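K.L.:
Provided herewith is a single structure, encoded as structure tokens, for subsequent inquiry.
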Amino acid sequence: MKIIIIEDEPMSAEDLAETLKQADPAVVIAKILHSMEDAVAWWPVDLEADLIFSDIQLSDGLSFDIFRQIRHIKQPVVFCTAFDAYAIDAFRHNGIDYILKPFDTASVRRALDRYRQWSRHFSPVTDYGRLAELLEQRPRSVLVYYRDKVLPIRLDDVALFYIDSDTVRLIKNDGVAYAIDHTLDQLEKLGGRMFFRANRQYLVNRSAVKGAFQSFPRRYELELSVPFDEPIVVAKTRVSALLDWLTL
């Protein structure tokens with residue numbers, strides 16, 4: 001089975017190539033492309049390949065643009081993504097296969113197994129323009145009500161959400177705090193992989209986490225880049241997910 005990899009981070013591309021070979025020793029990596037520009041310039045009309053594994057967010061744009069510009073691509077595509085549940089719904093509704101980062105041998109093997117039955121699992125024609133529009137429509141802000149104002153707060157500017165005496169609050173990267181009329185479950189779905197649910201009380205932004213330290217055996221606490229008085233202890237059942245998330 002010949003596979004094309006489109007991934008702008010060389011280490012991630014090598015990791016995926018190695019994982020593919022672990023999942024199926026018969027896999028041959030025919031080409032690794034690191035940008036949209038490289039892919040458009042290189043892609044031959046008579047490409048002999050079976051399957052494409054592609055990251056979505058490349059250094060010079062969305063990989064969807066590759067498939068919109070190169071009309072003769074007929075190989076099915078498996079997208080490698082760290083996007084949130086909103087984007088995953090878009091993939092599912094458009095008949096597109098995907099694996100979530102950080103991926104492992106089991107998830108890659110499942111994708112290869114689905115390819116072997118591709119006539120039932122892959123859409124031969126996909127409207128990548130429409131898919132890009134759906135991803136661009138993903139909410140990027142939340143609204144807070146402060147005195148007589150309604151303030152939009154960008155998710156990128158939120159360090160963490162937390163529950164304080166039955167009230168959900170957020171703290172921005174500049175330390176300013178607001179109450180917010182959402183549940184943590186709603187915010188977790190909205191924030192996607194950008195945020196991590198440490199436990200029932202805390203939802204933290206990856207950009208606000210400086211690191212984690214082991215305070216007791218099998219107990220980790222998060223170190224934040226913003227002042228916060230309470231220790232944020234990661235639930236034991238979430239430690240493995242935390243370590244994966246910190247690699248994003």
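The values are calculated or read from the model by the stated rules, or taken from the named source; none is laboratory data. Just so we're clear, the structure is a prediction, and the values are computed from it rather than from any experiment. FYI the Cβ positions are ideal-geometry reconstructions off the backbone, even for glycines, and counts take in every protein chain you see.
K.L.:
Note down all Cβ pairs under 6 Å where the first residue falls in segment 95-120 and is closer than 12 Å to V78 by Cβ, the second is modelled with pLDDT under 80 and part of a helix (DSSP H, G or I), and they're at least six residues apart or on different chains.
P.N.:
Here the result reads Y98/F91; R114/H121, each pair linking segment 95-120 to a residue that is modelled with pLDDT under 80 and part of a helix (DSSP H, G or I).
K.L.:
Let me ask something else. Can you name the residue in segment 235-248 that is under 20 Å from K101 (Cβ atoms) and aliphatic (A, V, I, L, M) and is also surrounded by the fewest Cβ atoms within 10 Å (Cβ to Cβ) among such residues?
P.N.:
L248
K.L.:
Given the conditions (1) assigned to a strand (DSSP E or B); (2) in contact with an Asp or Glu (Cβ under 6 Å, 6 or more places away or on another chain); (3) of a type outside the set (D, E), which single one is not true for A13?
P.N.:
Condition not satisfied by A13: (1).
K.L.:
Show me the helices (runs of 4 or more DSSP H) entirely contained within segment 71-180 in which 2 or more residues are touching a strand residue (DSSP E or B) at 6+ places or on another chain (Cβ under 8 Å), under 17 Å from I4 (Cα atoms) and at pLDDT 80 or above.
P.N.:
Per the criteria, 105-115.
K.L.:
What pairs can you find where one residue is in segment 34-47 and in contact (Cβ under 8 Å) with a residue 24 or more places away in the chain, the other is crowded, with 17+ Cβ neighbours inside 10 Å and charged (D, E, K, R), and their Cβ atoms are less than 7 Å apart, with a gap of 6+ or different chains?
P.N.:
Matching pairs, first to second residue: H34/E7; H34/D8; S35/D8; M36/D65.
K.L.:
So, one more: Would you mind stating whether F228 is surrounded by 13 or more Cβ atoms within 10 Å (Cβ to Cβ), among the aromatic types (F, W, Y) and part of a loop (DSSP other than H, G, I, E, B)?
P.N.:
Judged against the criteria, F228 is a match.
K.L.:
Continuing with this model, one more query. With the checklist (1) assigned to a helix (DSSP H, G or I); (2) in contact with a strand residue (DSSP E or B) (Cβ under 8 Å, 6 or more places away or on another chain) in hand, flag the one item E221 doesn't pass.
P.N.:
Failing condition for E221: (1).
K.L.:
Next question. Just one of the numbered conditions (1) modelled with pLDDT of 90 or more; (2) more than 14 Å from R238 (Cβ to Cβ) is not true of L187; which one?
P.N.:
With (1) modelled with pLDDT of 90 or more; (2) more than 14 Å from R238 (Cβ to Cβ) applied to L187, the lone miss is (1).
K.L.:
Being small (G, A, S) and farther than 13 Å from L155 by Cβ is the filter; apply it to segment 172-225 and report the residue that is nearest to the chain's Cα centre (by Cα).
P.N.:
A198
K.L.:
Continuing with the same structure: Can you tell which of D38, D50 is surrounded by fewer than 19 Cβ atoms within 10 Å (Cβ to Cβ), in contact with a Pro (Cβ under 9 Å, 6 or more places away or on another chain) and in the same structural domain as I99 (by TED's automatic domain parsing)?
P.N.:
Exactly one residue qualifies, and that residue is D50.
K.L.:
Sort out which residues of segment 201-248 are closer than 23 Å to A177 by Cβ and of a type in the set (S, T, Y), and write them in order of number.
P.N.:
Answer for segment 201-248, where residues must be closer than 23 Å to A177 by Cβ and of a type in the set (S, T, Y): Y202, S207, S225.
K.L.:
Here's a follow-up. State the number of residues belonging to segment 48-69 that are farther than 18 Å from L100 by Cβ and either at pLDDT 85 or above or assigned to a strand (DSSP E or B) (or both).
P.N.:
Total satisfying the criteria: 5.
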